[in-house]
Amino acid sequence: MMWKEKYKIGVELIDGQHRELFRRVSDFVKTVQSEDKWDEKLSKVKETLEFMKAYVITHFDDEEAYQKEIGYPGYERHRQIHQRFKDEVQKYAEKFQEESYSEETVQEFGGKLMAWLINHVAGEDQKIGDFQNRGGSV
Amino acid sequence: MKAQYINSFYKAVLDVFRLMLDINPEREELTVVDDMIAGNEANVMIGITGDLAGSVLFGFTKDMTLEMVKIMSGMEMKKLDSFVSSALGEVVNIISGNAVTNLSKEGYTCDISPPQVIIGENRSISMATEKALTLPIKTEIGKFEINISVRENQ
């Protein structure tokens, strides 16, 4: 999963967190897609999932705080998108517990996470940068 | 069935492919078919409810699906596994979400159901009671199609 310059929104804190998210999701995809036996990669999978769960929340909180600070008009809509994604992650976390981290479900989660993240950062998040670049006017 | 339904989906495909894959798709000629069959190697079905009711079926070849996921992940993909089909399902989900936003601008308030990914050729699921429109779309990594069958709820 490649980080692209076009994903930057021009806010150092947010861009740094996005880059870190891309790096972590990319590592996660590499791990789940590697040829190693599932049992062997499971500890790495669990570790990444734990990190992601915490980091996604930190990042969403920081991004939402920034939107509030600049008076971003799409704040509420954006907050709802974040919330829906957090709910989805939570549902997967419960499913992982129930199924003792089945390969099938972890793979499914990985595919969804990757596509969601690319679209969100390349699309929705760009609107925050655009708003700021226009001098914070609608 | 009106052309604006399919146009809302086509516009969403353009936007999402450019944004996520850096690909510019091109539409080909629209045809009318009697029913919808999930006849491709990777099919994704979405249900629509609200002012419009029906379903939309996206059909991709295996090669194109693997290439799309390769572009996103930066990794060579070999098979249509859970990772690949889930990523494809999410891309179609995003396209359909954008299409619903486009439809709302035309005055139709709709919702979509979560994508259902059907892997394997000839898993015939004929689901339309009415005729469907098929829009073939050409891209530099292959061709795919969108089948749409919806009716207006009065």
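The values are calculated or read from the model by the stated rules, or taken from the named source; none is laboratory data. From a predicted model like this one, the values you see are computed outputs, not experimental measurements. Neighbour counts run over all protein chains shown; Cβ positions are idealised from the backbone, glycine included.
Before moving on, here are some points about what is shown:
- Considering A:I118, A:I81, the condition of being touching a Leu at 6+ places or on another chain (Cβ under 9 Å), within 14 Å of chain B (Cβ to nearest Cβ), under 23 Å from B:L19 (Cα atoms) and not small (G, A, S) is satisfied by A:I118 alone.
- Test: residue in segment A:63-71 that is under 23 Å from A:F131 (Cα atoms), among the hydrophobic types (A, V, I, L, M, F, W, C) and at pLDDT 95 or above: yes
- Those helices (runs of 4 or more DSSP H) of segment A:17-121 in which at least 3 residues are without any contact (Cβ under 8 Å) to a residue 40 or more places away in the chain and loosely packed, with under 14 Cβ neighbours inside 10 Å, considering only elements entirely within it, cover A:38-69, A:75-98.
- Odd one out for A:W3, checked against (1) of a type in the set (F, W, Y); (2) within 14 Å of chain B (Cβ to nearest Cβ); (3) outside any loop (DSSP other than H, G, I, E, B); (4) under 19 Å from A:A122 (Cα atoms): (3)
- Candidates B:E41, B:E67, filtered to the one that is of a type in the set (D, E), surrounded by fewer than 24 Cβ atoms within 10 Å (Cβ to Cβ) and more than 24 Å from A:M2 (Cα to Cα): B:E41
- Qualifying positions in segment B:34-62 - over 16 Å from the mean Cα position of the chain (by Cα) and farther than 14 Å from B:I112 by Cα: B:D34
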